[in-house]
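The values are calculated or read from the model by the stated rules, or taken from the named source; none is laboratory data. All of these numbers come straight from a predicted model, not from anything done at the bench. Backbone-built Cβ (ideal geometry, glycine too); neighbour counts: all protein chains shown. Remember, those area values only see protein heavy atoms, side chains included, never the ligands or the DNA or RNA. Shrake-Rupley method; radii C 1.70, N 1.55, O 1.52, S 1.80 Å.
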Amino acid sequence: MTSSPTPAPGSFGAPGRRGPLRRLTARGRDEAYRVATPLELFFDLCFVVAVAQAGIQLVHAVAGGHAGEGIGDYAMVFFAIWWAWMNFTWFASAYDNDDVLYRVVTLVQIAGVLVLAAGISRAFEDHEFLAVWLGYLIMRLAMTAQWLRVARAAAPPERTMALRYAGGVALCQIGWLGLLFFPESARPWVFLVMALLEMCVPPYAEKDHPTSWHPHHISERYGLFTIIVLGETIAAATVAVKSGIDENDALGELLPIAAGGLLIIFAAWWIYFAVPIHGHLRSNRQAFLWGYGHYLVFASAAAIGAGLEVAVEQTVGKAHISTLAASAAVTLPTALYLLTVWALHSRYFKVGMTQQLVLPSAALLVICCTFLGDWAVLAAGVVLALTVATGETLIMRRVTRERGTTTPAA
């Protein structure tokens, strides 16, 4: 009788994971049993607080007739949330040793997230970014300290890579001061320049020595955060529907929105997890493109929840915008979600033009649903449900042809 394999260090449930301070050295990319840790899950849940705050402020902006300004502020704030989450996630995939200092520094980063979340309302309402910047500063100082730990334990060229990361993170944090001191009209340009510089740090730091991130672990971490964001979307939409029913007794008017919203979110989950992406993440070039693209996946998924809230408020008379605008608040982020999920990983697993066109066609049909008035959300939900059914049918037919057998009758 053979004994079962011992879980690798850093795996959930592995015995004796936490110990005294240890060197922060790279983990193996082919390490078995590599899954998300309880600390990483806790980290994600705390980040959702910030995501929820951004969604609430987006609802207020769109419902108040300031969609353009609200979307711009949302894009800026969500980038800060997403980029801080991404920095930690990729670092942890390569260097998580789970010693006491690693845990403490990660908890400091979580504290920074909460400070950032507390400043989101001021960022939207008054374009005051001090609290957001301070929260970001706390997170980035902790991240810089982690990279310096790596540099201390590493030999060239890994040490050079770690020092490039530490220096790049620190310099970019100084650059974000522009949001505090530049005129308000210049701040969108400051954001654009700094966002591009931030995204240049990883390719520059790793040009001579890539980090040993774990493909399966990274894909799982992104998947888990997608689930958490979709869960926040459901929670936000549920609260909005409950408020409309309690205060306005509008159950009949809200049922199409509630049903359509559920179909959209259920289908969004199904479509994202229809294919295993970790096998595609074989190099930094592929992984960086995939990882960066998730800014749109996460932002659009969270915006769907905000859009459902706007649709509810418009239906019960709280939002003074047109039905067309309220419908677009749901259908446009939904279409964006479909297109980005297809572009990032679904298309790599599609065979033939018919399968390739399913998600782009669904995105176009969802946009068309915008013009269906009070039934727009429900129609979009039906489109997504049919999209899932069509995709599964095409997959089953392909599998049947490959096996050379017929599908047994139900």
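Near T211, within a Cβ-to-Cβ distance under 13 Å, what is the net charge of the other residues, with Lys and Arg +1 and Asp and Glu -1?
Net charge in that neighbourhood comes out at +1.
Give me the log10 of I(q) over I(0) for the chain at q = 0.10 Å⁻¹, as the Debye formula computes it from C-alpha points; what are the numbers?
Normalising to I(0) and taking log10 leaves -0.74.
A94: net charge of surrounding residues, Cβ under 9 Å, Lys/Arg +1, Asp/Glu -1, itself excluded?
Residues close to A94 contribute a combined charge of +1.
Counting Lys +1, Arg +1, Asp -1, Glu -1, what net charge surrounds G55 among other residues with beta carbon under 11 Å of its beta carbon?
Residues near G55 contribute -2 overall.
Any lysines with Cα under 22 Å of the K318 Cα? List them, leaving off those in the same chain fewer than 8 positions away.
In chain and number order, the partners are K242.
Could you order R29, R23 by accessible surface area, starting with the largest, using a probe radius of 1.4 Å?
From most accessible down to least: R23, R29.
Residue by residue through segment 204-218, which ³J(HN,Hα) values in whole Hz follow from phi under the Karplus form 6.51 cos²θ - 1.76 cosθ + 1.60 (θ = phi - 60°), with glycine and proline marked x?
5, 5, 9, 5, 10, 8, x, 6, 9, 4, 9, x, 5, 5, 5
When the chain is fully extended, how far beyond the present Cα-Cα distance does C368 get from R282, taking 0.36 nm per residue of separation?
27.2 nm
In whole Hz, what ³J(HN,Hα) sequence does segment 174-181 give by Karplus (6.51, -1.76, 1.60; θ = phi - 60°), x for Gly and Pro?
Values per residue, Gly and Pro as x: 5, x, 5, 4, x, 5, 8, 10 Hz.
Counting only heavy atoms of protein chains, what accessible area per residue, in Å², does the chain have with a probe of 1.4 Å?
I get 45 Å² per residue for this part.
Under the Karplus relation 6.51 cos²θ - 1.76 cosθ + 1.60, θ = phi - 60°, what is the ordered set of whole-Hz ³J(HN,Hα) values for segment 36-49, x standing for Gly and Pro?
5, 8, x, 5, 5, 5, 4, 4, 4, 4, 5, 5, 5, 4
Going by average Cβ neighbours within 10 Å, how do the peptides 251-262, 109-120, 326-337 rank, with the highest at the top?
326-337, 109-120, 251-262
Return the carbon/sulfur percentage of the accessible area of segment 175-317, one whole number, probe 1.4 Å, all protein chains in place.
70
What does the accessible area of F182 come to, in Å² to the nearest 10, when a probe of 1.4 Å is used?
That residue has around 110 Å² of solvent-accessible surface.
How would K318, K350, K242 line up by accessible area, probe 1.4 Å, largest first?
If we order K318, K350, K242 from most to least accessible, we get K242, K318, K350.
Given 0.36 nm per residue, what is the gain on full extension from T238 to L357 after removing their alpha carbon distance, in nm?
Extra length from T238 to L357 when fully extended: 39.6 nm.
Mind putting a number on the dipole of the chain about its Cα centre? Charges go on the C-beta only, +1 for Lys and Arg and -1 for Asp and Glu, and I need it in Debye to the nearest 20.
1820
When the chain is fully extended, how far beyond the present Cα-Cα distance does S212 get from E31, taking 0.36 nm per residue of separation?
64.1 nm
Using a Förster radius of 35 Å, what is the FRET efficiency between T390 and D246 based on their Cβ-Cβ separation? Nearest 0.05, please.
0.40
Among V105, V77, V399, whose mean-square fluctuation peaks in a Gaussian network model of the chain (Cα, cutoff 10 Å)?
V399
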